[in-house]
1. Residue-wise, which Karplus ³J(HN,Hα) couplings in Hz belong to segment 24-35, taking 6.51 cos²θ - 1.76 cosθ + 1.60, θ = phi - 60°, and x for glycine or proline?
2. Using 1/(1 + (r/R0)^6) with R0 = 25 angstrom and r between the beta carbons of Ala41 and Asp182, what's the FRET efficiency to the nearest 0.05?
3. Just to verify a number: FRET efficiency for Thr201 and Asn136, C-beta to C-beta distance, R0 = 22 Å, to 0.05?
4. Out of residues 5 or more away from Val171 or on other chains, whose amide H comes under 5 Å of its own, with H placed 1.01 Å from N in the peptide plane?
5. Rank the residues Met133, Met1, Met183 as a footprinting-exposure proxy: fewest other Cβ atoms within 10 Å of their Cβ go first.
6. What do you get for trypsin sites (Lys or Arg not before Pro) in segment 49-88 restricted to DSSP loop and a cutoff of at most 15 other Cβ within 10 Å of the site's Cβ?
7. Using 5 Å bins from zero, what percent of all Cα-Cα pairs in segment 179-224 falls into each bin?
8. For each of Tyr81, Tyr146, count neighbouring Cβ atoms within 10 Å of the residue's Cβ, then give the residues from fewest to most.
Amino acid sequence: MATVLVTGASRGIGLALARRAAARGDTVIACARDPEAADLAGLDGVRREPVDVADPETCAALARRLEGETIDLLICNAGVYVGRGRIDDAAFAPEDWAGTFAVNVAGVFHTVRALRPLMRRPGGRIAVISSRMGSNAEAGGGSYIYRASKAAATNLATNLALDLKPEGIAVASYHPGWVRTDMGGDAADISVGESAAGLLTRFDALDLETSGVFEAWDGRRIPF
Ligand code: NDP
């Protein structure tokens with residue numbers, strides 16, 4: 001039985017990943033800014049922990065509470081999407097840039113750095129939930145903050161993959177699909193259940209040979 005830790009598990013894809021991992025028998029540690037969030041609090045057999053990934057002290061405090069435990073799979077899922085327009089839109093204020101990068105990029109780093117000592121060696125896996133919107137090869141214009149943050153998240157995962165390989169820890173980044181969540185909206189392509197099922201299959205397949213990949217929930221490689 002694997003121990004799986006998920007950030008941003010209060011709703012959306014993170015909640016679905018926690019639910020599905022628990023249903024298959026994994027030990028799940030579901031982290032959220034508000035671990036008493038209604039949907040998460042209703043999940044049976046899931047340990048809930050308060051973590052704001054933008055605050056490194058909450059990540060360090062989590063690591064202290066988990067001392068002596070071993071994490072097999074760390075899923076860095078927490079994310080925000082601010083500013084969906086084109087260049088003349090008002091939604092690209094300095095605080096929007098800083099706030100997004102604090103969660104989508106630095107938040108991944110704080111989480112990984114704090115929990116790295118607890119990762120299984122060899123055999124630990126770290127999954128960074130990025131987005132194909134961060135791919136240069138698939139650039140579509142607009143949504144500048146979000147696209148840049150996800151490009152940075154994938155870049156971070158690639159460099160962590162290099163650095164953690166000698167420790168026996170594999171790292172990769174993933175596009176979860178266009179998913180019907182608060183972020184993805186009602187018109188999106190797939191449900192959280194479909195996304196979570198596909199992602200967990202991809203995470204299971206991640207090893208030191210494939211470490212550093214950027215792939216979608218259905219196994220397609222994303223050109224970066
Ligand atoms: P939601 O907006 O539905 O959920 C986002 C989650 O991230 C919430 O649990 C939220 O918690 C959490 N979160 C936000 N900021 C923080 C923080 N500072 N610390 C901890 N948790 C935080 O989004 P999705 O479920 O759709 O997205 C999940 C991931 O998938 C994100 O990284 C997103 O960028 C990515 N993604 C989503 C796509 C989609 O189509 N939905 C497409 C491509 C990528 P809270 O409830 O406290 O706000």
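Since every read-out is calculated from the coordinates, none of them should be taken as a lab result. None of the values given here were measured: they were computed from a predicted structure. A quick note on method: Cβ atoms are made from the backbone with ideal geometry, for glycine too, and the neighbour counts reach across all protein chains shown.
1. Karplus-based 3J(HN,Hα) across segment 24-35 equals 8, x, 6, 7, 10, 10, 9, 9, 8, 4, 10, x Hz.
2. After rounding to 0.05, the efficiency reads 0.90.
3. 0.25
4. Amide H neighbours of Val171: Ile126, Gly212.
5. Listing Met133, Met1, Met183 from fewest to most nearby Cβ atoms yields Met1, Met183, Met133.
6. Those that pass, being in a loop and sparsely packed, are Arg84, Arg86.
7. 5, 20, 24, 22, 17, 8, 3, 0
8. The fewest-first ordering by Cβ neighbours comes to Tyr81, Tyr146.
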